Amino acid sequence: QVQLVESGGGLVQAGGSLRLSCAASRRFFGFYVMDWYRQAPGKQRELVAVISSSGTTNYADSVKGRFTISRDNAKNTVYLQMNSLKPEDTAVYYCHTVSQGTAYWGQGTQVTVSS
C-alpha cells in the first residue's frame, strides 16, 4: 500500500509561481517513477511531468520550459515547480506512481490561475 499526499496548491495570478509537493509513504522510494497529472473541469486527466529513479525527466509540451519536476529521495518527496503560470494551467494536480502493477494517486491539490 502506498499513500501519496500532495500540498502546495492555491490561487495565483497569471505569470506567478507555485511549488507542489508530494510526500510518499513507501519504502525504496528512490527506485520508482513518479508522475504529476492534472485534470481541468470537463477535461480528461493528462500527464504533466515524469521523473525516473535516475532523475530523467519528461514533460507535456504545454508545460515545457515552465514546469520542473524534481525529487528528494531522502525525504520520499517529489516536487513540481510551476513558473509563468497561465489560466489554462488551472486544474486539480495529482501525484501518481505504480507499485507492483497497482496505480496509486494522491487526493489532488487545486491550482487556480487568475487572468
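For this structure, a couple of remarks:
- Cβ-derived FRET efficiency at R0 25 Å, Asp72 paired with Gln44, nearest 0.05: 0.25
- The calculated pair-distance distribution of region 18-115 uses every alpha carbon pair, bins of 10 angstrom beginning at 0, and gives 16, 52, 27, 5, 0 percent.
- Evaluating 6.51 cos²θ - 1.76 cosθ + 1.60 at θ = phi - 60° for every residue in region 5-12, the Karplus couplings come out as 10, 8, 7, x, x, x, 9, 9 Hz, glycine and proline recorded as x.
- Solvent-accessible surface of the chain, averaged per residue with a 1.4 angstrom probe and all protein chains in place: 54 square angstrom.
- Per atom type, the chain shows carbon and sulfur on 48% of its accessible surface, probed at 1.4 Å.
The values are calculated or read from the model by the stated rules, or taken from the named source; none is laboratory data. Because the structure is predicted, anything quoted here is derived from the model rather than measured. FYI the Cβ positions are ideal-geometry reconstructions off the backbone, even for glycines, and counts take in every protein chain you see. The protein model used for the area step is the full one, side chains on, heavy atoms only, and it has no ligands, DNA or RNA in it. Shrake-Rupley method; radii C 1.70, N 1.55, O 1.52, S 1.80 Å.
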